[in-house]
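Laboratory data are not the source of any read-out in this text; all were calculated from the coordinates shown. Treat the numbers as computed from the prediction; the structure is a model and nothing was measured. Don't worry about glycine lacking a Cβ; one is built from the backbone with ideal geometry, like all the others, and counts go over all protein chains shown.
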Amino acid sequence: MPIEWNDGIALGIDVIDQEHMALVSLMNQVSEMLEGSAEFESLAKVIQQLEEYCDLHFAHEEDLMRKANYDGLAAHITSHRRFTTQVNEFSQQFKESAHNVDLQALHFLIEDWLVNHIQKTDRDYLPAVKPYIKAHGPKLAGL
Ligand SMILES: [Fe+2]
């Protein structure tokens, strides 16, 4: 079942929310593949975009947390690295054979990330990051 983006998921930081939205879209594409309504070949694109997401979006969040002197930074980075490692494992499986990829497991990975990281762990940095953006403006905050 595809998940619709809603304000309950949003953190209230436009750029970060747009990136999170892109992840929800990738998860929904995997969901479509599971239902057989998408080409399996498009999995290559989804996996590539997931890897790009990890590189760009996590760098973005980590930069923001660092600038805001967020005290949970180290633990948050560990969580990002763990997710990146799991995405890389799917990418490796795909390179060996597209049919090695367990779509259900890939979907679960992203869904679990949405529920337990984006809707929980990411919210923890808001009390540090939001005042930083307010004080410095989005441009100086790198947004
Ligand atoms: Fe995060």
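Dividing the summed -39500 (n - 2.57) terms of all DSSP H runs of n ≥ 4 by the residue count of the chain sets its mean residue ellipticity at 222 nm at -23000 deg cm²/dmol. Look at the alpha carbon pairs under 8 Å that are at least 6 residues apart: their mean separation over the length of the chain gives a relative contact order of 31 percent. What's the angle, to the nearest 10 degrees (0 to 90), between helix 126-140's Cα axis and the longest principal axis of the chain? It works out to around 80 degrees. Summary of the geometry: region 71-143 and region 1-40, compared by the centres of their Cα atoms, lie 13 Å apart.
Using R₀ = 30 Å, calculate the FRET efficiency as 1/(1 + (r/R₀)^6) where r is the Cβ-Cβ separation of E35 and D124; round to 0.05.
Values: r = 34 Å, r/R0 = 1.14.
Efficiency at R0 = 30 Å is approximately 0.30.
Please check which bits of region 97-130 a label hung off D17 would reach, taking the label as a point 7 Å along Cα-to-C-beta and the cut-off as backbone N under 20 Å. Backbone N within reach: 114-130. Can you pull the Kirkwood radius for region 20-141, inverse mean 1/r over Cα pairs, to one decimal in Å? Value: 15.5 Å, from the Cα pair sum.
In the chain, taking the dipole from charged Cβ atoms about the Cα centre, the farthest positive-side position among Q29, A128, G12 is held by A128.
The simple Förster model, with R0 at 30 Å and r as the Cβ-Cβ distance, assigns K95 and A10 a FRET efficiency of 0.30.
Cross-link reach is defined here as a Cα-Cα straight distance under 19 Å, omitting same-chain residues fewer than 8 places apart; for K45 the lysines meeting it are K95.
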